[in-house]
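The next block holds one structure in the form of structure tokens; read it before the comments.
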Amino acid sequence: MKVLVVGASGGSGRATVRELGRRGHEVTAFSRNASTVAGPVDGGSLRGLNGDATDPDDVDDAVRGQDAVIVTLGISENPVRVRLRGPAHTSLDVRSRGTGVVVEAMRRHGVRRLVVQTSYGVGPTRTHLPMLQRLVFWALLRPQIVDTERQERIVRSSGLDWTAVQPVNLTDDDTTEPPFVSTTGATRSMKVARAQVAWLLAESVENDDHIGSTLALSAGKLRPA
């Protein structure tokens, strides 16, 4: 399968590129610094493509000819700095703007399968967020969460075959344990490894069972039946 990863130079994006390659897919890694992602992958093939996710022309070129698109857009800068001064290298609304541009390009080129990493605690899981986490969202991450809420609405109204993946707090733990995946917002912890996120993003591309669903993702040893 030909799969485009938008936001491929971030932590989740890199992990997703590796997971897709391991599964034998033809991967296009799209980001402003795609050359940092390019390299050998097990089983599949990898093409790095430099571009801006908020630029319609760049995204149009990337989406053309793909079978599916995975969006892992985000801001990798220090969240305190972003809250106080705004991001230095990425637009604050990159999630919603970039996802909107991707959706429009997919419609133009007839690409139906869309998988988007958002965040636990927005959209349908908003009421499931623990109180301490809500305070952190409000005090530190509010502008980014507001944008992620917009992103979720764009995904849901896209008319595409979408799946939204909502991980809890991300870590770089090196684990091969299966994550806990829920369609009801349930979690088994408040952390999850980026490798586990990548596993679910790749699974969602290959499996149509959760089209139109939001999947909460946390560390744990059980997957849903």
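The values are calculated or read from the model by the stated rules, or taken from the named source; none is laboratory data. Note that the coordinates shown come from a computational prediction; the quantities given were computed from them, not determined experimentally. Because the Cβ atoms are built from the backbone with ideal geometry, glycine has one as well, and the counts that use them run over all protein chains shown. The protein model used for the area step is the full one, side chains on, heavy atoms only, and it has no ligands, DNA or RNA in it. Shrake-Rupley method; radii C 1.70, N 1.55, O 1.52, S 1.80 Å.
Rounded to the nearest whole Å², what accessible area per residue is found for region 158-225 with the 1.4 Å probe? Don't skip to the end; give the middle numbers.
Numbers: 3080 Å² over 68 residues.
Per-residue value: 45 Å².
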> Around Pro167, what is the net charge, scoring Lys/Arg as +1 and Asp/Glu as -1 over all other residues with Cβ under 12 Å from its Cβ?
Replying inline: +2
> Is it possible to state the helix-based mean residue ellipticity at 222 nm for the chain, with each DSSP H run of 4+ residues giving -39500 (n - 2.57), the sum divided by total residues, to the nearest 500 deg cm²/dmol? What is it?
Replying inline: -10500 deg cm²/dmol
>> Relative contact order of region 66-186, please, whole-number percent, based on alpha carbon pairs below 8 angstrom and at least 6 residues apart.
In response: 33 percent
> With the chain treated as a Gaussian network of Cα nodes joined by springs under 10 Å, which of Gln144, Gln66, Gln133 yields the largest mean-square fluctuation?
Replying inline: Gln133
> All other residues with a Cβ under 9 Å from the Cβ of Ala29 taken together, and with Lys, Arg as +1 and Asp, Glu as -1, what is their net charge?
Replying inline: +2
>> Using the Cα centre of the chain as origin and beta-carbon charges of +1 (Lys, Arg) and -1 (Asp, Glu), tell me which of Val5, Val37, Val181 is placed farthest towards the positive end of the dipole.
In response: Val181
> Expressed as a whole percentage, what fraction of the accessible surface of region 122-225 belongs to carbon and sulfur atoms when a 1.4 Å probe is rolled over the protein heavy atoms?
Replying inline: 54 percent
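Under unit Cβ charges (Lys, Arg +1; Asp, Glu -1), what dipole magnitude, rounded to 20 debye, does the chain have relative to its Cα centre? Could you put the intermediate results ahead of the total?
Working: 28 positive and 25 negative charges, 127 e Å.
That gives the chain a dipole magnitude of about 600 debye.
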> In terms of the ratio Rg/(2.2 N^0.38 Å) built on C-alpha atoms, what value belongs to the chain?
Replying inline: 0.94
> Over all distinct Cα pairs, what is the inverse of the mean 1/r for region 1-133, reported as the Kirkwood hydrodynamic radius in Å?
Replying inline: 15.4 Å
>> Let me test this: with uniform point scatterers at the alpha carbons of region 109-158, what is the Debye-based log₁₀ I(q)/I(0) at q = 0.30 1/Å?
In response: -1.21
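Once the mean 1/r over all distinct Cα pairs of region 1-67 is inverted, what Kirkwood radius in angstroms do you read off?
On the way: mean 1/r = 0.0877 Å⁻¹.
Over region 1-67, the inverse of the mean reciprocal pair distance is 11.4 Å.
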> Who wins for biggest fluctuation among Val122, Val136, Val59 in a Gaussian network model of the chain, springs between alpha carbons below 10 Å?
Replying inline: Val136
> So what's Rg/Rh here for region 144-225, counting alpha carbon atoms and using the Kirkwood radius for Rh?
Replying inline: 0.96
>> Given contacts defined as C-alpha pairs under 8 Å and at least six residues apart, what's the relative contact order of the chain, whole-number percent?
In response: 19 percent
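Note down the net charge around Met1, summing +1 for each Lys or Arg and -1 for each Asp or Glu among other residues with Cβ under 15 Å from its Cβ. Numbers along the way, then the final one.
Details: positive: Lys2, Arg22, Arg23, Arg47, Arg112, Arg113; negative: Glu19, Glu26, Asp67, Asp161, Glu203, Glu206, Asp208.
Neighbourhood net charge equals -1.
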> For the chain, what proportion of DSSP beta bridges, expressed in % and rounded to the nearest 5, is antiparallel?
Replying inline: 10 percent
